[in-house]
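Written below as structure tokens is the structure these notes are about.
Please treat every number below as a calculation from the coordinates, not as lab data. Everything numeric here is computed off the predicted structure, so don't read it as measured data. Neighbour counts run over all protein chains shown; Cβ positions are idealised from the backbone, glycine included.
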Amino acid sequence: MNCLVVAATAIEIKPFLEQLGNDSLSSKIPATDVLISGIGLTATTYSLSGQLRIKQPDLVIQAGVGGCFDPKIPLGTVLAVKQEAIADQSVIELNQLRTLFDLQLVPQDQYPYQKGWLLNKSEVLKKTRLKKVKGISVNEITTSRQKVRFTRKHFNPSLNQWKVPPCIMFA
């Protein structure tokens, strides 16, 4: 089995990278490639699509740091994303968040979306014992309480990050 671990920055997976070089573990883990994609959806899409043209892994793992909307999930928890939305493809209008799907600019079931979500259909997701959550990806950082409130209300996500959709779409 060949595995590709994708992270926006090396610092996000530093402990993993240190263990990956440990000879005593090399027989216990599958052949693993690492892709440091850069920050954001565009950088991840570009880097990942280039890597996948070179080599097709059996498993892609998107690893890194993300924000959490669920106060019940402790800091540092490893999660599995079961579905993801690109939350900043939206507008705040009439005191609510409206997505491209809400505005009927894109059909909500147009490939690769299902009801406006990107679904993780990996067989590994079915087998993992990790907590499975809904996530959102954005290309911006915000401290706006209003925008966070609108995002929570519209998507009800557990996780916020900058890079999952490309991994769901390509892998």
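Tell me the label-point distance for the pair Leu103, Asp33, using the 7 Å Cα-to-Cβ offset, in nm and rounded to one decimal.
Going by the 7 Å Cα→Cβ label model, 3.7 nm.
At a Förster radius of 30 Å, what calculated FRET efficiency corresponds to the Cβ-Cβ distance of Val65 and Gln96, to the nearest 0.05?
0.55
Given H placed on each backbone N at 1.01 Å, which residues far from Ile136 in sequence or on other chains put an amide H within less than 5 Å of it?
Ala85, Leu159, Asn160, Gln161
How far apart, in nanometres, would the label points at Ile54 and Lys126 be if each is projected 7 angstrom from Cα along the Cα-to-Cβ direction?
The answer from the label model is 3.2 nm.
I need Ile13, Ile54 ordered by Cβ neighbour count within 10 Å, fewest first.
The order, fewest Cβ neighbours first, is Ile54, Ile13.
Using Cα positions and a limit of under 12 Å, work out the aspartates and glutamates in reach of Lys132, with same-chain residues fewer than 8 apart set aside.
Excluding near neighbours in sequence, the set is Glu84.
I'd like the Karplus ³J(HN,Hα) series for region 77-83: coefficients 6.51, -1.76, 1.60, θ = phi - 60°, whole numbers in Hz, and an x wherever there's a Gly or Pro.
Listing the rounded values in order: 5, 8, 10, 10, 8, 8, 7 Hz.
Express the relative contact order of the chain as a whole percentage, based on alpha carbon pairs under 8 Å and six or more residues apart in sequence. If you can, show how the numbers build up before the last one.
Values: 261 pairs, mean separation 49.4, N = 171.
Rounded, it is 29 percent for the chain.
I'd like the Karplus ³J(HN,Hα) series for region 40-57: coefficients 6.51, -1.76, 1.60, θ = phi - 60°, whole numbers in Hz, and an x wherever there's a Gly or Pro.
Whole-Hz 3J(HN,Hα) from phi for region 40-57: x, 5, 5, 4, 5, 4, 4, 5, 5, 5, x, 5, 6, 6, 7, 8, 9, x.
Amide H to amide H under 5 Å from Asp33: which residues, 5+ apart in sequence or cross-chain, H placed 1.01 Å off N in plane?
Hits under the 5 Å cutoff: Cys3, Leu4, Val5.
Please label the shape of region 35-90 as rounded, prolate or oblate, based on the square roots a ≥ b ≥ c of the eigenvalues of the alpha-carbon gyration tensor (a/c under 1.5 means rounded; beyond that, a/b larger than b/c means prolate, else oblate).
Since a/c reaches 1.5 and a/b is larger than b/c, the shape of region 35-90 is classed as prolate.
By counting other Cβ atoms within 10 Å of each Cβ, how are Ser144, Ser37, Ser122, Ser158 ranked from fewest to most? List each step's numbers first, then the result.
On the way: Ser144 11, Ser37 25, Ser122 18, Ser158 22.
Lowest to highest Cβ neighbour count: Ser144, Ser122, Ser158, Ser37.
Going through the cross-link list Lys55/Lys147; Lys14/Lys115; Lys14/Lys126; Lys121/Lys153; Lys127/Lys147, which pairs have a Cα-Cα distance over 32 Å in this structure? Each step should come with its number before you reach the end.
On the way: Lys55/Lys147 39 Å; Lys14/Lys115 36 Å; Lys14/Lys126 27 Å; Lys121/Lys153 25 Å; Lys127/Lys147 35 Å.
With Cα atoms farther than 32 Å apart: Lys55/Lys147; Lys14/Lys115; Lys127/Lys147.
Of the options Gly21, Gln89, Leu79, report the single residue whose Cα projects farthest towards the positive end of the charge dipole of region 2-170 (beta-carbon charges: Lys, Arg +1; Asp, Glu -1).
Value: Leu79.
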